[in-house]
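Step one of this worksheet: look at the structure below.
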Amino acid sequence: MSASDDDENAAIPVNETPPLNSDNDGKQLNVIWDDNKIEKFTDNNGKQHWRCLWCGRSFQYWNATKVLFHVNKQAGGAIKAYKSTKIDKHHKAEYTRLFNKLSQWKTSLAQLADGKKRASDEYIDTATELYASTK
C-alpha cells in the first residue's frame, strides 16, 4: 500500500461542517445589526425601519432589543415573535447568545440600581439616626 492509497482512503472528520453559504455565517455577532439576515433601512421620509430576512416582515424603528425578541421567538418585547423554523443552527445559537447577553446586562443594571437605592436608603437611615441623637 503506497502513501497515495492512504490519502485516498482517509476518513473525513465527523465534526467537519459543510461550507457556509452566506457572508457572516460562522462568525460571532457583536451586535444583531452585524447579521446578514437583519436589514436596516430608512424610508422616503427618513424614518428608520428594519426587515427580518427570515420572515420578510418589516418593523419600524431600529431597536436591537426588539430584533432579539423577534428572532428568539420570545414573547414580550412589544413585537411579534418570529414563528417559522427557517433559522439555521448557527444563527439560532448566535441569537440565543446575544439574547442571553442582553438579559444579563439588564439584570446587572437592575442589581446596580437596587444596590444604589439600598445604599442611599441606608445612608438616609444613618443620617436620620445621627441627627436624632444630636437633639
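The values are calculated or read from the model by the stated rules, or taken from the named source; none is laboratory data. Here the structure is a predicted model, which means the values were calculated and not measured. Backbone-built Cβ (ideal geometry, glycine too); neighbour counts: all protein chains shown.
If the requirement is being loosely packed, with under 10 Cβ neighbours inside 10 Å, at pLDDT below 90 and of a type in the set (Gly, Ala, Ser), which of these qualifies: SER103, SER133, SER120? Give the steps one after another, and end with the answer.
Numbers: SER103 fails: loosely packed, with under 10 Cβ neighbours inside 10 Å; SER120 fails: loosely packed, with under 10 Cβ neighbours inside 10 Å.
From the options SER103, SER133, SER120, the qualifying one is SER133.
Residue-by-condition table, conditions (1) modelled with pLDDT of 90 or more; (2) in contact with a Lys or Arg (Cβ under 9 Å, 6 or more places away or on another chain):
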| position | (1), (2) |
| --- | --- |
| ASP5 | no, no |
| ASN9 | no, no |
| ASN15 | no, no |
| GLY26 | no, no |
| VAL31 | yes, no |
| LYS40 | yes, yes |
| LYS66 | yes, no |
GLY115 is checked against (1) on the phi > 0 side of the Ramachandran plot; (2) surrounded by 10 or more Cβ atoms within 10 Å (Cβ to Cβ) and fails just one. What number does that condition carry? (1)
Strands (runs of 3 or more DSSP E) enclosed by segment 31-83 - at least 1 residues per element that are loosely packed, with under 13 Cβ neighbours inside 10 Å and not β-branched (Val, Ile, Thr): 38-42, 58-60
